[in-house]
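Below is one structure, written out as structure tokens; comments come after it.
Derivation of every value follows stated rules applied to the coordinates shown; laboratory data play no part. If you're wondering where the values come from, they're calculated on a predicted model, not measured in any experiment. Neighbour counts are summed over all protein chains in view; Cβ atoms, including those assigned to glycine, are modelled from backbone coordinates with ideal geometry.
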Amino acid sequence: MLKNLKSLLDEAKENSYAIGSYSCYNYETIRGAIEAIKKLKVPGIIALGENYLNNINPEEFVDIVKSLEKIGEDVPIAIHLDHCKSIDHIVQAIQAGFTSVMYDGSDLDFVENIMKTKKVVDIAHAANVSVEAELGSLALGEFSNEEGAEQIYTDPEQAKQFIEETGVDALAVSIGTVHGMYKGVPKVNVNVLKKINEKVGDTPLVLHGGSGTPEDVIKECIKNGITKINVNTEISVNVVNQIRDKLAKEEKYHFSKVSLLAKEAVKEVVLKYSQLFYSVRS
């Protein structure tokens, strides 16, 4: 069943678990992610990043999710527009049937980020659509399709003020994870997260850059307010590696089989992370 993000994350926060937000951009990624969360009977977030609007438009994306979410187990699913800097694209997604949107003003100064995020909140909440925003910025790791940025940790006091002035439903924070795969040993600062969580009260927090983050670190983050974790790059790496290995062994491999292989490779990663995120449920 389709749900808005706020309802899913409020329940996750209350019961101390996290929900995976899986980056999808074609039929195979959407189907693999939905099959995985239905197999586990856990909530899930099917996300389309603004970077992938050239792959699939919001209307097509919603139609595929709606057709697949009706098959098999009935689990709560949110359709999420991720890392969006264009308010026009946000409006388009809301009109298409997305149940949540993320306005990414992380590269703006604090005051402008508040102003533009508040505008998005007013638009989205009028349509019963949840809003995620971001404060701070993540460094760029390997194999990422996101923009590069300097690592800037989220300031706890600013996080509190930002939420109060914008009314966002969830806040993505920067605590040392990266977009993409880590180039070295992950240095995630859970102490920064603890201070943010103390300041923001009941507001769900979001961790971007879930790919490759050690399991013990993920569990510690969930215990300290993280209720939504984004996974993108590890899905892509697993799909590409499996296709490359198969084509190296079978030169005349048919494209229809490549499609099925890709779907199963997506499913593997989503199963892995969904089990992990839900395993700490209290």
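In debye, nearest 20: dipole of segment 1-111 around its Cα centre with unit charges on the Cβ of K, R (+) and D, E (-)?
For this selection, approximately 420 debye.
Out of Val270, Val173, Val240, any idea which swings most in a Gaussian network model of the chain, alpha carbons joined below 10 Å?
In the Gaussian network model the winner is Val240.
What is segment 1-83 by shape, rounded, prolate or oblate, if you read a ≥ b ≥ c off the alpha carbon gyration tensor as root eigenvalues and call it rounded for a/c under 1.5, prolate for a/b larger than b/c, and oblate otherwise?
oblate
How big is the dipole moment of segment 1-64 about its Cα centre under a simple scheme where the beta carbon of each Lys and Arg is +1, that of each Asp and Glu is -1, and everything else is neutral? Debye, nearest 20, please.
320
Defining a contact as two alpha carbons under 8 Å apart and six or more residues distant in sequence, what relative contact order in percent does the chain show?
Computed value for the chain: 23 percent relative contact order.
Add -39500 (n - 2.57) for each DSSP H run of 4 or more in the chain, then divide by its residues: what number comes out at 222 nm, to the nearest 500 deg cm²/dmol?
-15500 deg cm²/dmol
When the Karplus curve 6.51 cos²θ - 1.76 cosθ + 1.60 is applied with θ = phi - 60°, which whole-Hz ³J(HN,Hα) does each residue of segment 33-47 get, with x for Gly and Pro?
Coupling constants for segment 33-47: 5, 5, 4, 5, 6, 6, 5, 7, 6, 10, x, x, 10, 9, 10 Hz.
Taking every DSSP beta bridge with both residues inside segment 5-279, roughly what % is antiparallel (nearest 5)?
Around 5 percent of the beta bridges assigned by DSSP in segment 5-279 are antiparallel ones.
Reachable aspartates and glutamates from Lys66, Cα under 16 Å, same-chain residues fewer than 8 places away excluded?
Answer for Lys66, where 16 Å is the Cα cut-off: Glu28, Glu35, Asp74, listed by chain and number.
When Lys and Arg each count +1 and Asp and Glu each count -1, what net charge do the other residues less than 14 Å away from Lys6, Cβ to Cβ, add up to?
-3
What are the GluC sites (Glu not before Pro) within segment 216-264 that DSSP puts in a loop, where the Cβ has at most 12 other Cβ atoms within 10 Å?
When the GluC sites (Glu not before Pro) of segment 216-264 are filtered for loop state and at most 12 Cβ neighbours within 10 Å, Glu250, Glu251 remain.
I'd like to know which of Val120, Leu247, Ile163 lies farthest towards the positive end of the charge dipole of segment 5-279, counting +1 on Cβ of Lys and Arg and -1 on Cβ of Asp and Glu.
Leu247
What angle, in degrees between 0 and 90 and rounded to the nearest 10, separates the Cα long axis of helix 87-96 from the longest principal axis of the Cα atoms of the chain?
Value to nearest ten degrees: 60.
Which of Ile45, Ala96, Leu260 sits farthest toward the positive end of the charge dipole of segment 5-279, with +1 on the Cβ of Lys and Arg and -1 on the Cβ of Asp and Glu?
Leu260
Have a look at Ala124, Ala170, Ala47 and tell me which one the Gaussian network model of the chain (Cα, springs below 10 Å) gives the largest fluctuation.
Judging by the Gaussian network model, the answer is Ala124.
Distance check, please: which entries in Lys3/Lys246; Lys3/Lys160; Lys116/Lys195; Lys70/Lys116; Lys41/Lys223; Lys246/Lys267 exceed 29 angstrom between their Cα atoms?
Check vs 29 Å cut-off fails for Lys3/Lys246; Lys70/Lys116.
Under unit Cβ charges (Lys, Arg +1; Asp, Glu -1), what dipole magnitude, rounded to 20 debye, does the chain have relative to its Cα centre?
With Lys and Arg at +1 and Asp and Glu at -1, about 900 debye.
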